[in-house]
Amino acid sequence: MKTYHLTIIGGGSTYTPGIVKSILDAHDVLPLRKLVLLDCDAERVARMGGFVRLLLAAHAPEVEVVVTTDREQAFSGMDFLFAQIRSGGLPMRALDEQIPLRHGVVGQETCGPGGFAFALRSIPDMIEIGRDLRRYAPDAWVLNYSNPAAILAELWRREFPDLKCLFICDMPIVIERLLAMTLGVEHADLAFDYVGLNHFGWWRHIWARDGRDVLPGLRARLLGGEKLKLFEDEHVNADWIPTFERLSKTLGYFPEFIPNTYLQYYFFGEEMVAESRPDYTRANRVMDTREKTVFAECDRCVAAGSVADSDLARGVHGDFIVDHVRALLGGAPLRTTVNVPNRGAVKGVPDEAIVEVHGLVSTHGVEAFAVGEVPHFQRALMVQQNAYEQLTVEAALENSYSKALQALTLNRTVPSADVARAILDDLIVANQGRWPVLERDIAG
Ligand code: G6P
Ligand code: MN
């Protein structure tokens with residue numbers, strides 16, 4: 001039987017245990033021979049590695065586990081690489097979120113200036129990863145969860161079109177599962193139609209098995225005050241309830257389609273700022289919760305020498321990425337949201353724009369479904385947001401301050417060029433040595 005070599009880039013992440021558990025559950029289609037955890041943080045990945053070694057010793061002792069900080073070792077001979085890097089770690093995420101808030105602007109990991117700052121740190125790292133993949137694993141499949149996914153996919157389109165990479169986001173699947181539960185139907189019994197960009201889109205239809213579009217009925221119920229039904233998951237818990245509740249507010253304003261929750265940051269900036277604390281953002285919360293509990297559990301298991309009673313949870317996040325591998329390896333094609341160059345799928349949006357639409361993942365990669373026309377409102381938002389994403393990549397690749405300023409000015413969360421400039425200048429200081437150097441190619 002063929003066995004596989006798989007590397008997790010960013011193996012020291014708190015998501016690693018869940019992903020490894022999902023991989024182990026997929027043993028029938030993805031029997032592993034070797035699992036490599038690669039991370040730039042030797043201490044973190046050593047702690048995580050201790051846990052993963054025990055997990056595999058208990059459930060798949062035939063698998064060789066390697067923990068390393070060396071890309072050549074981690075990439076050579078690999079079949080699959082899961083990328084989940086966070087350049088600068090959570091402490092820099094905290095600054096990404098806090099600095100815009102000090103200027104009265106949304107402070108969020110992937111949306112607005114926070115996402116921009118994160119992108120400018122991640123782009124140099126992704127370029128190094130791409131170059132080494134080309135050298136050591138040019139035929140491997142890369143499945144990327146790293147954020148900001150839309151901007152990194154844009155970078156990949158420009159720099160590494162020869163390398164096979166799927167840009168995955170678990171938010172659409174989580175929301176689709178909540179919509180299915182609210183409808184009282186199995187997710188597998190529904191077919192969804194989605195259009196947008198990553199963390200920026202809408203569901204236009206939800207088809208039941210009999211061909212009926214059940215979205216209008218669901219919309220009426222949500223607008224009538226019924227709440228989305230929630231299940232417990234990493235990204236469906238008490239912290240996330242306001243986000244899921246605000247979905248109904250967005251729907252109330254723009255009832256045509258069901259919105260991705262991330263649109264709240266673009267439509268309700270003042271409200272999001274009012275609900276945030278510039279000294280304690282989501283990053284701080286994650287550092288005080290998930291970071292602490294996951295690593296404490298890893299340490300506890302290592303000290304006990306056993307994972308027998310470990311409760312590090314599996315969830316949608318790990319299962320979803322493994323579902324993609326299953327489809328790539330010849331399982332049933334996976335109908336899901338994909339992030340791919342538009343190439344005419346959405347009318348009126350540039351061909352090269354990375355769009356998020358439904359498509360099929362199968363042995364030959366990704367095929368996106370054509371969407372066709374979208375109304376002015378959604379299309380204009382997509383075009384503007386994509387221009388912001390492209391300018392962000394160009395600012396990084398061309399070391400251009402003026403393109404960075406254009407990008408931030410174009411982002412809907414930023415009210416003016418003056419505010420864009422003030423935030424940009426603060427972000428440059430905070431990211432010294434981590435960002436490409438931006439040449440002052442305009443006056444002032
Ligand atoms: C969802 C999104 C991810 C994002 C995550 C943030 O899963 O799809 O792209 O990284 O939420 O979650 P956190 O708990 O770190 O705020
Ligand atoms: Mn995402």
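The values are calculated or read from the model by the stated rules, or taken from the named source; none is laboratory data. These numbers were taken from a predicted model, which means no experiment stands behind them. Note: ideal-geometry Cβ built from the backbone for every residue, glycine included; neighbour counts use all protein chains shown.
Summed over the range 224-245, residues that are touching a Ser or Thr at 6+ places or on another chain (Cβ under 7 Å) and closer than 27 Å to GLY269 by Cβ total 3. Based on what the data block shows, is GLY114 within 16 Å of ligand 2 (Cβ to nearest atom) and under 26 Å from HIS317 (Cβ atoms)? In short, yes.
Just a yes or no: is a residue in the range 391-398 without any contact (Cβ under 8 Å) to a residue 24 or more places away in the chain, buried (at least 20 other Cβ atoms within 10 Å of the Cβ) and assigned to a helix (DSSP H, G or I)?
So the first thing to find is which residues in the range 391-398 are without any contact (Cβ under 8 Å) to a residue 24 or more places away in the chain, and the list is 391, 394, 398.
From the residues that got through so far, the ones that are buried (at least 20 other Cβ atoms within 10 Å of the Cβ) too are 391.
Now drop any that are not assigned to a helix (DSSP H, G or I), which leaves 391.
Yes, some residue in the range 391-398 is without any contact (Cβ under 8 Å) to a residue 24 or more places away in the chain, buried (at least 20 other Cβ atoms within 10 Å of the Cβ) and assigned to a helix (DSSP H, G or I).
Beta carbons closer than 8 Å, at least 6 apart along the sequence or on distinct chains, pair a first residue in the range 156-181 that is in contact (Cβ under 8 Å) with a residue 24 or more places away in the chain and within 15 Å of ligand 2 (Cβ to nearest atom) with a second that is polar (S, T, N, Q) and in a loop (DSSP other than H, G, I, E, B) for PHE167/ASN198; CYS169/ASN198; MET171/ASN260; PRO172/ASN260; ILE175/ASN260.
Note on the range 34-91: residues that are of a type in the set (Gly, Ala, Ser) and within 20 Å of LEU133 (Cα to Cα) amount to 5.
Can you list the helices (runs of 4 or more DSSP H) found entirely within the range 253-298 that contain at least 3 residues being among the charged types (D, E, K, R) and within 20 Å of GLN98 (Cβ to Cβ)? So that I can check it myself, show each step before the final result.
Details: elements: 264-267, 269-274, 282-288.
Qualifying helices (runs of 4 or more DSSP H): 282-288.
Does ARG131 fit the bill of being free of Cβ contacts under 8 Å to residues at least 60 places away in the same chain, away from ligand 2 (no atom under 16 Å from the Cβ) and of a type in the set (D, E, K, R)? It is true that ARG131 is free of Cβ contacts under 8 Å to residues at least 60 places away in the same chain, away from ligand 2 (no atom under 16 Å from the Cβ) and of a type in the set (D, E, K, R). Comparison of ARG300, ARG326 shows that the only residue that is among the charged types (D, E, K, R), within 20 Å of the chain's Cα centre (by Cα) and over 28 Å from ALA119 (Cα atoms) is ARG326. Here's a check for you: in the range 252-300, which residue that is among the aliphatic types (A, V, I, L, M) and free of Cβ contacts under 8 Å to residues at least 60 places away in the same chain is farthest from LEU218 (Cα to Cα)? It comes out as ALA296.
When the criteria are applied in full, GLY107 fails the requirement of being assigned to a strand (DSSP E or B) and either within 16 Å of ligand 1 (Cβ to nearest atom) or surrounded by 22 or more Cβ atoms within 10 Å (Cβ to Cβ) (or both).
Conditions tested, residue by residue: (1) at pLDDT 95 or above; (2) under 22 Å from the mean Cα position of the chain (by Cα); (3) surrounded by fewer than 23 Cβ atoms within 10 Å (Cβ to Cβ); (4) on the phi > 0 side of the Ramachandran plot.
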position: ILE168; (1), (2), (3), (4): yes, yes, no, no
position: ILE173; (1), (2), (3), (4): yes, yes, yes, no
position: LEU183; (1), (2), (3), (4): yes, no, yes, no
position: PHE192; (1), (2), (3), (4): yes, yes, yes, no
position: HIS199; (1), (2), (3), (4): yes, yes, no, yes
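Inspect all residues belonging to the range 6-14 and state whether any of them is over 14 Å from LEU312 (Cβ atoms) and surrounded by fewer than 17 Cβ atoms within 10 Å (Cβ to Cβ). No - not one qualifying residue is present in the range 6-14.
Scanning the range 189-212 turns up at least one residue that is away from ligand 2 (no atom under 16 Å from the Cβ), assigned to a helix (DSSP H, G or I) and touching a residue at least 12 places away in the same chain (Cβ under 8 Å).
Restricting attention to the range 136-155 and to residues that are touching a residue at least 60 places away in the same chain (Cβ under 8 Å) and either away from ligand 1 (no atom under 15 Å from the Cβ) or closer than 19 Å to TYR280 by Cβ (or both), the residue that is surrounded by the most Cβ atoms within 10 Å (Cβ to Cβ) turns out to be GLU154. Among the residues of the range 341-381, write down those that are without any contact (Cβ under 8 Å) to a residue 60 or more places away in the chain, part of a strand (DSSP E or B) and buried (at least 20 other Cβ atoms within 10 Å of the Cβ). Scanning the range 341-381 gives GLY359, ALA368.
Yes/no per residue for (1) under 23 Å from VAL307 (Cβ atoms); (2) in a strand (DSSP E or B):
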| site | (1), (2) |
| --- | --- |
| GLY18 | yes, no |
| LYS21 | yes, no |
| LEU54 | yes, no |
| PHE82 | yes, yes |
| SER87 | no, no |
| MET92 | no, no |
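Scanning the range 305-322 for residues that are away from ligand 1 (no atom under 15 Å from the Cβ) and either modelled with pLDDT of 95 or more or outside any loop (DSSP other than H, G, I, E, B) (or both) turns up GLY305, SER306, VAL307, VAL322. Of the candidates THR281, THR293, the single residue that is away from ligand 1 (no atom under 12 Å from the Cβ), of a type in the set (S, T, N, Q) and on the phi < 0 side of the Ramachandran plot is THR293. Criterion applied to PRO242, PRO255 was being more than 19 Å from TYR15 (Cβ to Cβ), within 16 Å of ligand 1 (Cβ to nearest atom) and over 19 Å from the mean Cα position of the chain (by Cα), and the one residue passing it is PRO242.
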